[in-house]
Amino acid sequence: MNIGFCLLLNICISFTVLFTKTPETNVSSSVAGTSLVNINQSRNSITGFVFGEARNPLAEVHVELLDDLYVTISRVKTTGSGLFAFRGLPNGLYNVKVIPYGSDYESQTRSVSLVAFSVIQGRGAVNEQVDFYLKIKRNTNAGPLGAPGVIFAQEVPDSAQKLYEAGIEDLRNKKENEGFDKLKKALELFPDYFLALDRLGTEYVVRGYYTPAFILLTKAVEVNPRSFSSSYGLGLALYRLQQTDKAIENLRRATEIYNQSPHAYLWLGIALHQNKNLPQAETALVQANKLSKGESAEVHWQLARLYKEQNRFGESANELELFLKYKPEAAEKEKIKEMIATLRQKASKK
């Protein structure tokens with residue numbers, strides 16, 4: 001953003017603080033140990049901008065104002081220019097917290113002290129500007145199917161790396177088409193570029209573009225056989241393309257590379273079940289249930305299917321009840337309840 005424009009905007013905000021009052025963000029209770037007698041005398045404000053790693057302004061980001069005990073006082077969202085503002089504040093110590101929900105950025109908190117002085121009581125005012133430059137979360141570049149692991153070292157031409165980094169930045173900023181286009185161009189310059197192959201391939205998988213994902217991730221696994229995300233993504237693509245044996249091979253390799261992903265074990269169990277390998281499918285699904293701390297509705301659904309096929313009706317009913325517990329808004333809720341009753345009856349007759 002142009003520095004001159006920022007300064008002008010900040011001056012405008014300061015004048016706005018002096019002559020206007022914003023009911024949505026005014027504080028109407030005791031804050032930081034200060035008892036308010038007249039809220040109209042509270043003219044202080046905290047404003048600022050939220051930027052991404054490339055110093056681009058971030059819009060629609062949640063920002064919270066907290067007191068000195070970290071109790072939330074007010075919440076706002078940044079404007080299209082990344083601006084946030086809290087107005088009508090009494091003197092005191094505050095904490096401003098930026099919470100970038102649904103993005104690859106880490107949250108960040110800054111402390112702000114407001115102390116306004118004036119000869120005439122209630123006429124003093126101070127505006128503190130606090131700008132945030134958010135950092136990317138660790139392992140973000142691993143893509144939507146990424147997991148902690150060893151970083152793959154590879155010499156990459158500078159031109160390809162710049163296109164890759166620009167593409168990742170576009171994806172962070174929800175510019176999907178631009179991001180994909182830059183990743184493709186990076187691969188045109190360097191076809192063995194693992195990070196680009198893995199990121200584009202896994203992005204395609206989660207969007208249902210299974211054939212191009214299969215092509216990209218097959219190459220990614222050739223370049224880096226120890227990649228969890230590439231192996232897992234390739235397994236998903238192969239399963240959707242009805243190549244179940246190869247899907248199992250890749251999903252099993254993914255769980256061997258990184259054994260803490262409940263999703264990888266879930267899909268391994270689903271693929272094994274599809275291949276009628278029920279004992280191994282149960283082992284994988286039970287592990288998925290353990291890793292998800294028993295809170296995954298999908299895992300309970302798959303276990304219910306598996307147990308039903310084995311005539312383990314009581315266990316199947318138990319899993320369906322857990323499914324409804326963790327997915328109470330299920331579309332076929334009443335039918336599932338009827339199914340549970342039927343399974344209970346069958347179990348009682350055994």
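The values are calculated or read from the model by the stated rules, or taken from the named source; none is laboratory data. These numbers were taken from a predicted model, which means no experiment stands behind them. Here Cβ is always computed from backbone atoms with ideal geometry, including for glycine, and neighbour counts include all displayed protein chains.
Within region 287-345, restricting attention to residues that are buried (at least 18 other Cβ atoms within 10 Å of the Cβ) and among the hydroxyl-bearing types (Ser, Thr, Tyr), the residue that is farthest from ALA264 (Cα to Cα) is SER316. In region 305-324 there is at least one residue matching the filter, namely being without any contact (Cβ under 8 Å) to a residue 24 or more places away in the chain and in contact with a Ser or Thr (Cβ under 9 Å, 6 or more places away or on another chain). Candidates in region 125-145 are the residues that are out of contact with any Leu (no Cβ under 8 Å at 6 or more places or on another chain) and modelled with pLDDT under 65; of these, the one that is surrounded by the most Cβ atoms within 10 Å (Cβ to Cβ) is ALA142. Restricting attention to region 212-232 and to residues that are of a type in the set (A, V, I, L, M) and in contact with a Ser or Thr (Cβ under 8 Å, 6 or more places away or on another chain), the residue that is surrounded by the fewest Cβ atoms within 10 Å (Cβ to Cβ) turns out to be VAL221. None of GLY179, GLY201 is under 22 Å from the mean Cα position of the chain (by Cα), under 21 Å from ALA271 (Cβ atoms) and part of a helix (DSSP H, G or I) except GLY201.
Considering (1) crowded, with 18+ Cβ neighbours inside 10 Å; (2) at pLDDT 90 or above, the lone condition that GLU169 does not fulfil carries the number (2).
The set of residues in region 64-84 being surrounded by 13 or more Cβ atoms within 10 Å (Cβ to Cβ) and either of a type in the set (S, T, N, Q) or closer than 13 Å to TYR133 by Cα (or both) consists of SER74, THR78, THR79, SER81, GLY82, LEU83. Is it the case, given these coordinates, that TYR94 is exposed (fewer than 14 other Cβ atoms within 10 Å of the Cβ), touching a residue at least 24 places away in the same chain (Cβ under 8 Å) and aromatic (Phe, Trp, Tyr)? In short, no.
Filtering VAL223, VAL206 for residues that are farther than 30 Å from THR47 by Cα, touching a helix residue (DSSP H, G or I) at 6+ places or on another chain (Cβ under 6 Å) and of a type in the set (Val, Ile, Thr) leaves a single hit, VAL223. Within region 271-284, residues that are under 13 Å from LEU303 (Cβ atoms) have Cβ atoms under 7 Å from residues that are outside any helix (DSSP H, G or I) in these pairs: LEU278/GLN310, counting only partners at least 6 apart in sequence or on another chain. For region 221-232, residues that are more than 24 Å from the chain's Cα centre (by Cα), closer than 19 Å to GLN243 by Cβ and either part of a helix (DSSP H, G or I) or among the aromatic types (Phe, Trp, Tyr) (or both) total 2. Listed conditions (1) at pLDDT 95 or above; (2) within 21 Å of ALA237 (Cα to Cα); (3) part of a helix (DSSP H, G or I) are all met by LEU195, apart from (1).
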